[in-house]
Amino acid sequence: MSSIIFGPVYSRRFGKSLGIDLSPSRKQCNFDCLYCELEPANTMDHYEDVISVYEVMEALKKALKEHPDVDFITLTANGEPTLYPHLSELIDAIDQIKGEIKTLILSNAGTIDDPKVQETLLKLDEVKLSLDCATQSCLKKLDRAHPGIDVEKIKAGMLAFKSKYHGPLVVEILVVKTLNDRPEEIARLNEYLLKLQPTRIDLGTIDRPPAYDVKPVSYEELLAVSKLFDASLPLYIVSRKKSEVRASSYTDQEIVETLAMRPLSPDDIEVLFDNESQKRVEKLIKEGKLQVIESNGVKFYKNA
Ligand code: SF4
């Protein structure tokens with residue numbers, strides 16, 4: 001059994017976060033994604049090994065004594081955290097002790113059509129839901145969801161949740177080579193995300209050894225995929241593969257054209273633009289031709 005609490009881990013998007021693993025004994029998930037960093041496992045629609053709220057709270061209180069300065073308490077699992085049967089009660093208990101610390105869940109969204117799950121997640125300060133596919137055939141092939149999980153129900157569930165939720169809702173899309181990087185699949189995702197209007201979309205690819213033989217896309221391919229989405233969507237490219245990219249020189253016009261197609265984060269600007277081009281970006285901001293906007297803690301450069 002691994003430990004219930006892990007971290008703190010640091011990220012640009014969520015600051016300093018303490019993680020809670022609601023399934024420390026083994027993988028318990030309603031998906032068996034081809035890219036999962038855990039071993040392949042049969043899917044399930046409820047936890048078989050259940051830890052108590054008391055155990056979680058004792059471990060959390062101890063960790064918070066050591067790390068009182070965290071920004072987030074993140075509910076996650078070796079599997080899917082919304083399958084934890086005491087989630088609502090646990091969030092209430094965390095709320096009693098968390099003070100200014102925010103709560104966040106990382107869910108695969110496979111249960112979001114369940115009104116009870118929606119009610120529970122409404123109590124959180126921030127929610128991150130995965131959506132790799134907008135079609136059932138893709139969900140079946142890539143995320144290998146438990147029988148009965150339907151992508152149309154997931155999409156309807158997310159819309160219903162978003163209509164009630166006032167906190168930031170982040171959607172995560174993990175792009176896998178030849179599986180969900182086809183323009184037709186991205187077009188369906190784009191169409192849906194324009195309706196959903198999440199606070200931010202994190203677009204990433206595989207960066208840890210996957211359970212099955214599937215391949216990541218390169219940073220350039222991820223960037224190409226990002227350009228298939230509507231430029232109004234707040235899309236953030238998350239990729240450790242950025243380090244493999246060589247920065248290039250861009251003219252003023254090329255910078256403006258590039259950012260018209262897709263607003264970019266400072267990370268992307270650093271990776272793609274050489275030093276001279278980065279200075280041009282600053283100049284274009286001063287001239288009012290570009291602007292910097294902030295979306296849920298992430299800055300974006302875009303056309304004015
Ligand atoms: S949802 Fe997460 S834990 Fe479950 S199979 Fe997919 S990647 Fe693994």
- Over region 10-125, what relative contact order in percent results from Cα pairs under 8 Å that are six or more residues apart? 32 percent
- Extreme residue, positive dipole direction of the chain, given options LEU203, PRO266, GLN28 (C-beta unit charges): PRO266
- Kirkwood Rh, region 247-304, all Cα pairs: how many Å? 11.1 Å
- Query: What is the set of long-range amide H partners of GLY79 at a cut-off below 5 Å, with H atoms built 1.01 Å from backbone N?
  - Reply: GLN28
- Task: Give the Kirkwood hydrodynamic radius (Å, one decimal) of region 4-78, defined as one over the mean of 1/r across all pairs of different Cα atoms.
- Result: 13.6 Å
- Query: What's the longest piece of the chain with no exposed GluC sites (Glu not before Pro), counting a site as exposed if DSSP puts it in a loop and it has at most 11 other beta carbons within 10 Å?
  - Reply: 101-286
- Looking at region 1-57, which trypsin sites (Lys or Arg not before Pro) are in a loop (DSSP not H, G, I, E or B) and have at most 13 other Cβ atoms within 10 Å? ARG12
- Message: From the gyration tensor of the Cα coordinates in region 175-304, what semi-axes in whole Å does the equivalent ellipsoid have, largest first, with each one equal to sqrt(5λ)?
- Response: 26, 18, 12
- Task: Could you let me know the centre-to-centre spacing of region 200-223 and region 26-92, using Cα atoms, in angstrom?
- Result: 24 Å
- Loop-resident sites, region 182-288, for trypsin sites (Lys or Arg not before Pro), counting at most 10 other Cβ within 10 Å (DSSP): ARG246
- Using the alpha-carbon atoms, what tilt in degrees (0 to 90, nearest 10) does helix 275-286 show relative to the longest principal axis of the chain? 90 degrees
- Tell me what the chain gives for mean residue ellipticity at 222 nm when only DSSP H runs of n ≥ 4 count, each as -39,500 (n - 2.57), the sum divided by the residue total, rounded to 500 deg cm²/dmol. -9500 deg cm²/dmol
- Message: So if I place +1 on the C-beta of Lys and Arg and -1 on the C-beta of Asp and Glu, and nothing else carries charge, what would the dipole magnitude of the chain be about its Cα centre? I want it in debye, nearest 20.
- Response: 540 debye
- Message: How long are the semi-axes of the equivalent ellipsoid of region 36-76, defined as square roots of 5 times the Cα gyration tensor eigenvalues? Whole Å, largest first.
- Response: 27, 15, 8
- Note on the structure: Note, VAL292: beta-carbon cut-off 9 Å, +1 each Lys/Arg, -1 each Asp/Glu, net +1
- Along each of the three principal axes of the Cα atoms of the chain, give the extent in whole Å, ordering the values from largest to smallest. 59, 44, 36
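Only the coordinates and a few stated rules stand behind these numbers; no lab work does. If you're wondering where the values come from, they're calculated on a predicted model, not measured in any experiment. FYI the Cβ positions are ideal-geometry reconstructions off the backbone, even for glycines, and counts take in every protein chain you see.
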